[in-house]
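Novice: The structure's right below; bear with me while I get my questions together.
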Amino acid sequence: MADNPNPNLEEIEAAPTDTTPVKKKGIKRRIFLAGAALLVGGGVFGLYWADNAAKSRARALTTGEGEHNFLTWMKIAEDDTVTVFSPHIDFGQGTHTALGQMLADELDADWAKVKVEQAPSDVAFSNTALVEKFLGEMTGYPGLIAALPAAVMGALTRSQKIQITGGSSAVRFTGQGGMRVVGAAVRLALIEEAADRLGVPASELTTADSKVIHAASGRSLRYGELAAGAAERSLRSDPVLKSRKDYRLIGKPVTRRDIPAKVDGSAVYGIDFTLPDMRVATIAAAPVRGGKLISVDEAPALAVPGVEKVVKLDDAVIVVAKGYWQASKGLAALSPKFSDGGHGAMSTPAIYAAQDRLRETGKPDNTAGEGDVAAAFKAAGGKVISADYRVPFLHHAMMEPFALTAHFKSGKLEMWGGLQDPIGARDRAAKAVGMDMEDVIFHPMIMGGGFGRRFPGVAEIIDQAAQLARQVPYPVKLVWSREEDLRHGTYRPQSSARLAATLDDKGRIAAWQSDYVQGDNAEGEVGFIYDVPATSRRHFAYTTNQIDGPWRSVNSTQHGFYNESFIDELAHAAGEDPYRFRRKHLPDGSRHQKVLDEVARRSGWGTPLPAGVGRGIAIVESFGTIVAEVIEATVKDDGTPKVLKAFAVVDCGTTVNPLNAEAQIAGGIIMGLSATIGEAITLDQGAVVESNFTDYPILRLADAPPLIDVHFIESDAPMGGIGEPGVPPASAALANALFMATGKRIRTLPLRQQAKA
Amino acid sequence: MAISFTVNGKDVSVAAEPDTPLLWVLREELALTGTKFGCGIAACGACSVHVDGQLTRSCSVPVSEIAGRAVTTIEGLKAEDGTLHAVQQAWIAAQVPQCGYCQSGQIMAAVALIERTGVPSEAQIDEAMTNICRCGTYPRIRKAILAATGRAARAAAASAQGEA
């Protein structure tokens with residue numbers, strides 16, 4: 001690798017290293033690409049030390065009269081306004097505000113004069129910091145990736161056409177490795193400029209509230225006055241960042257900038273976008289994924305008033321009309337014939353049966369772990385405890401159905417909508433219609449949820465809208481119905497696992513084995529936190545006709561349920577308290593143990609509960625963050641569970657915006673509970689059975705815990721993610737609570753009616 | 001055939017097919033896009049508006065049934081001078097929205113609940129607030145409703161004292 005100054009992704013992935021400890025062995029390319037669909041789908045945080053071409057491009061795109069751009073990522077106007085460009089999309093996770101806080105803190109800017117805007121979907125705004133860290137995390141070669149020269153990383157990032165939002169990565173990577181460094185470097189340039197102007201040594205100057213201050217003479221200069229000169233200076237690539245005690249904005253509860261427009265109806269989402277002369281279209285794709293359109297008689301749709309055109313794609317039919325209602329009436333009038341792509345026998349029971357067969361008679365595709373589990377099981381004789389778990393396909397069900405506006409005119413394709421990687425969207429659109437990516441313009445818009453569904457790699461609406469636009473002379477907005485959304489998701493995979501373990505004579509776990517069946521290998525993404533001498537994790541690869549999609553927290557959802565349910569079973573088998581049993585398998589003084597202790601303390605673990613109420617605990621580390629949750633629950637007369645209270649303790653290193661982080665964790669718990677209680681996508685004859693919120697029930701307010709107690713432990717650990725890690729412990733914490741309430745162990749989700757004893 | 005009604009206090013007349021749901025008339029004819037499309041079958045509440053003061057899921061009401069009636073949308077909640085409704089203010093104070101897509105409907109449902117009950121009980125909140133939020137903002141929605149009604153209660157008490 002050292003011989004090649006321009007490594008490509010495969011080489012990086014494959015490169016061995018003897019200088020860096022490799023923690024995550026056996027990573028495979030498909031995990032790298034799919035488990036984190038993130039990376040290649042993804043986007044770029046611009047290299048902060050951008051090359052000149054990228055810099056001038058960024059300036060042209062973002063900087064007007066009286067404004068001065070720094071490092072592509074921010075500009076200062078002469079009225080002191082600082083504008084930060086976020087390469088990440090904000091779909092409610094509060095990233096824009098947090099990134100602005102991080103840059104403004106290092107810059108010592110007056111927060112009232114800081115704006116955060118969406119960076120253009122241009123390769124000039126690529127995210128080196130994110131790609132570098134992400135490559136490290138996903139390949140298991142962090143040292144190697146970090147050692148790559150910045151210029152190589154920049155070229156690599158841009159060449160991959162990446163501008164993602166995902167992997168709970170924005171704040172911990174872009175913020176830490178990008179925004180803070182930019183803010184600190186620009187602050188130094190402003191000080192140098194002020195030192196020259198005031199004729200004093202830089203060491204006598206301080207900064208605060210967007211001013212450089214010379215306390216000795218009582219003079220000061222505003223950032224707006226200094227910006228023009230500072231922008232001409234060369235910037236340091238290694239400025240010293242503030243230590244925690246000096247933070248003015250990081251760690252403070254800052255209100256989010258996007259909220260006012262979301263309470264008065266003025267926020268414009270992708271589905272709200274409109275253009276003069278625009279038409280609206282809606283679509284029906286083959287009910288069986290993998291099927292093709294065989295034939296359709298267009299006449300019934302064309303007879304509907306307002307319908308203008310029927311467009312046939314390889315696997316779908318689209319109706320174009322004046323408005324959505326006419327388009328949907330036109331579509332309903334059609335009787336298209338589709339093939340089933342040979343998947344007509346695919347069904348939910350058939351998938352579970354095939355997964356069981358594969359696990360029992362097939363060979364694993366990947367094996368990981370430590371020690372000799374087989375020997376430990378043999379030594380234990382017949383005393384191996386085992387249990388089988390099953391989880392269904394889960395749908396993202398983002399509240400804003402997919403909508404994308406496209407206009408093909410004069411050789412250019414222009415698109416407007418919300419996707420988790422604007423540059424990746426351009427790339428996919430260009431490929432779908434055989435155009436050059438340079439001729440595709442994408443305007444990122446606010447998204448009504450995403451949760452992983454809006455990565456271009458899994459967003460076929462990009463192909464559909466691009467192909468549609470090539471066939472009509474006017475701009476057209478393609479809107480999916482909720483039924484289309486439910487039935488053509490890219491789901492969290494249906495998967496199953498057999499967990500097995502033995503206990504030694506002191507009641508400790510001697511060996512632990514997890515045999516799991518799903519499309520992708522989860523190794524490298526899902527860790528095992530307990531101190532057990534022999535562990536084995538075997539992945540059996542099984543794919544269906546569905547496209548596995550990254551669903552909020554990805555593989556940690558099902559593996560959090562498997563591991564944290566099974567360790568609960570082991571605790572009961574050992575006759576021990578589930579909290580104490582977990583605790584003794586975590587290293588003394590570890591972050592995990594502290595998080596677990598704190599959630600036990602805050603939830604009153606061990607205190608008496610009313611009859612019929614149970615308390616369950618679970619702890620999962622994902623995306624660099626440790627979360628422990630305690631749920632109190634009971635079972636209603638109709639057999640459905642009722643969650644009474646929820647507690648979460650979180651160690652994500654440093655919390656940038658506690659007000660927002662609390663909402664992310666609480667929302668994650670509710671999404672996890674919703675999936676656990678009610679959500680399942682099922683297949684019959686290859687097609688999805690569910691159609692809308694009536695048969696894909698999302699948890700409602702009345703069934704959510706009225707109050708969720710979220711507590712953060714600040715630690716010196718590297719910053720972890722916050723958008724996803726709240727989800728994974730929720731399933732097991734609830735199932736464990738219901739076991740305490742009813743004595744019935746739940747091993748198949750969703751639990752719906754099973755909860756009754 | 002033109003259908004006439006009022007939206008946010010203004011007279012409107014639209015030339016839509018009579019079976020067109022009110023939602024699409026608001027969004028596509030009247031450019032009031034604060035009211036959202038979520039499911040099309042009145043299951044999620046994203047399209048909630050008030051019709052003659054009644055909470056209504058506009059995706060499932062044909063515009064022909066709206067003739068002569070008064071519609072209020074999220075855009076019409078604030079006062080003429082631009083002051084936000086107490087519920088909207090409570091929503092900002094509690095930092096409720098995440099993605100925000102469902103929040104117009106949530107706010108319209110909360111306003112209707114408060115207008116109907118004054119200070120709703122927890123049970124009334126559970127019963128009335130059936131709109132789906134995929135981001136899971138429910139605890140803050142509950143908090144905002146309680147805060148908004150606290151303010152309303154105090155304001156009513158103050159005004160009663162002033163009259164006395």
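The values are calculated or read from the model by the stated rules, or taken from the named source; none is laboratory data. What you are looking at is a predicted structure, and each value in this text was computed from that prediction instead of being measured. Using ideal geometry, Cβ is built from the backbone for each residue, glycine included, and neighbour counts are taken over all protein chains shown. Only protein heavy atoms, including side chains, enter the accessible area calculation; ligands, DNA and RNA are left aside. Shrake-Rupley method; radii C 1.70, N 1.55, O 1.52, S 1.80 Å.
Novice: Ignoring ligands, DNA and RNA, how do B:ASP11, A:ASP531, A:ASP703 rank by accessible area with a 1.4 Å probe, largest first?
Specialist: B:ASP11, A:ASP531, A:ASP703
Novice: Please give the average number of partner chain Cβ atoms lying within 10 Å of the Cβ of each residue in A:255-262, rounded to a whole number.
Specialist: 5
Novice: Still on this model: To the nearest 20 debye, what is the magnitude of the charge dipole of the stretch A:495-755 about its Cα centre, counting +1 on the Cβ of each Lys and Arg and -1 on the Cβ of each Asp and Glu?
Specialist: 580 debye
Novice: Report the dimensions of the protein assembly as shown along its three principal axes from the alpha-carbon atoms, largest first, rounded to Å.
Specialist: 81, 76, 75
Novice: From other protein chains only, count the Cβ atoms within 10 Å of every residue's Cβ in B:34-47, then give the mean.
Specialist: Working: counts 9, 2, 8, 11, 9, 11, 8, 7, 2, 8, 8, 2, 4, 0.
Per-residue shielding by partner chains comes out at 6.
Novice: Continuing with the same structure: With runs of 4+ DSSP H residues as the only contributors, calculate the mean residue ellipticity of chain B at 222 nm using -39,500 (n - 2.57) per run, divided by the residue total and rounded to the nearest 500.
Specialist: That calculation yields -11000 deg cm²/dmol at 222 nm.
Novice: Separate question: I need to check one value: relative contact order of chain A, counting alpha carbon pairs closer than 8 Å and at least 6 residues apart, in percent.
Specialist: The value is 14 percent.
Novice: Let me ask something else about it. How do the peptides A:64-72, B:26-34, A:354-362 rank, highest first, by the average count of neighbouring beta carbon atoms within 10 Å per residue? Mind dumping the intermediate values first?
Specialist: Details: A:64-72: 18.6, B:26-34: 21.0, A:354-362: 14.9.
Top to bottom by mean Cβ count within 10 Å: B:26-34, A:64-72, A:354-362.
Novice: Put +1 on the Cβ of each Lys and Arg and -1 on the Cβ of each Asp and Glu in the protein assembly as shown; which of A:VAL727, A:PRO444, A:THR207 then has its Cα farthest toward the positive end of the dipole?
Specialist: Going by the charge dipole, the pick is A:VAL727.
Novice: Taking 0.36 nm per intervening residue step and subtracting the Cα-Cα distance, what contour gain separates A:ARG236 from A:ALA60 on full extension?
Specialist: Full extension from A:ARG236 to A:ALA60 adds 61.0 nm.
Novice: Threshold 30 Å², probe 1.4 Å: give the residues of the stretch B:96-121, in number order, that are less accessible with all protein chains present than with their chain alone.
Specialist: Buried on complex formation: B:PRO97, B:GLN98, B:CYS99, B:TYR101.
Novice: Shifting gears a bit: Could you work out the relative contact order of the stretch A:403-479? I mean the mean sequence separation of Cα pairs under 8 Å and 6+ apart, divided by the number of residues, in percent.
Specialist: 43 percent
Novice: Rounded to the nearest 10 degrees, what's the angle between the helix B:103-117 long axis and the longest principal axis of chain B, both from Cα atoms, 0 to 90?
Specialist: Helix B:103-117 and the main axis of chain B meet at about 60 degrees.
Novice: Could I have the simple spin-label model distance between A:ASP297 and B:THR130, label points 7 Å from Cα toward Cβ, reported in nm to one decimal?
Specialist: In this crude label model, A:ASP297 to B:THR130 measures out at 4.0 nm.
Novice: Computed FRET efficiency, Cβ-Cβ of A:THR361 and A:ALA387, R0 25 Å: what is it to the nearest 0.05?
Specialist: 0.80
Novice: Determine, at each q value in 0.13, 0.14 (inverse angstroms), the log₁₀ of I(q)/I(0) that the Debye formula gives when each Cα of chain B is one equal point scatterer.
Specialist: So the normalised log intensities work out to -0.63, -0.72.
Novice: Which one, A:HIS395, A:VAL373, A:MET415, projects farthest toward the positive side of the charge dipole computed for the stretch A:373-462 from Cβ point charges (K/R +1, D/E -1)?
Specialist: Toward the positive end, the furthest listed residue is A:VAL373.
Novice: Counting only helical runs of four or more DSSP H residues, what would the 222 nm mean residue ellipticity of chain A come to if each run contributes -39,500 (n - 2.57) and the total is spread over all its residues?
Specialist: Taking each H run of at least 4 residues, the total per residue is -9000 deg cm²/dmol.
Novice: Could you give the nm distance between label points at A:ASP588 and A:THR206, where each point is 7 Å from its Cα heading toward the beta carbon?
Specialist: The modelled label-to-label distance comes out at 4.5 nm.
Novice: Counting only other chains, and only Cβ atoms inside 10 Å, what mean value do you get across the residues of A:89-100?
Specialist: 2
Novice: Moving on to the next point. Charges only on Cβ, +1 for Lys and Arg, -1 for Asp and Glu: so what's the dipole of the stretch B:86-157 about the Cα centre, in debye to the nearest 20?
Specialist: Dipole about the Cα centre, nearest 20: 220 debye.
Novice: Beyond 17 Å, what percent of the Cα pairs of the stretch B:93-142 remain? Spell out each step's value before the answer.
Specialist: Values: 357 of 1225 pairs.
Value for the stretch B:93-142: 29 percent of Cα pairs lie more than 17 Å apart.
Novice: Show me you know the interface measure: the accessible area buried between A and B, both chains summed, probe 1.4 Å, in Å² to the nearest 100. Provide the component values of the computation, followed by the final result.
Specialist: Working: alone 28480 and 8730 Å², together 32870 Å².
It comes to approximately 4300 Å² buried between A and B.
Novice: Moving to a separate point now. Could you state the accessible area per residue of chain A in Å², with a 1.4 Å probe and every protein chain left in place?
Specialist: Roughly 35 Å² per residue, with all protein chains present.
Novice: Now for a separate question. Over the stretch A:495-755, what relative contact order in percent results from Cα pairs under 8 Å that are six or more residues apart?
Specialist: Worked out over the stretch A:495-755, it gives 22 percent.
Novice: Give the accessible surface of the stretch B:28-155 per residue, rounded to a whole number of Å², with probe radius 1.4 Å and ligands, DNA and RNA excluded.
Specialist: Roughly 35 Å² per residue, with all protein chains present.
Novice: Probe 1.4 Å, all protein chains in place: accessible area of A:TRP111 in Å², nearest 10?
Specialist: 40 Å²
Novice: Then there is this: Residues of the stretch A:399-414 that become at least 40 Å² less accessible with every protein chain present than in their own chain isolated, using 1.4 Å: which are they?
Specialist: Residues passing the criterion (a loss of at least 40 Å², heavy atoms only) are A:MET399.
Novice: About its Cα centre, what dipole magnitude does the stretch A:666-722 give when the only charges are +1 on Lys and Arg Cβ and -1 on Asp and Glu Cβ, stated in debye to the nearest 20?
Specialist: Here the size comes out at about 100 debye.
Novice: Another question, if that's okay. Please report the antiparallel percentage of the DSSP beta bridges confined to the protein assembly as shown, to the nearest 5.
Specialist: 75 percent
Novice: Quick one: pull the percent of accessible area on the protein assembly as shown belonging to carbon and sulfur, 1.4 Å probe, ligands and nucleic acids left out.
Specialist: So the carbon and sulfur contribution to the accessible surface is 52 percent.
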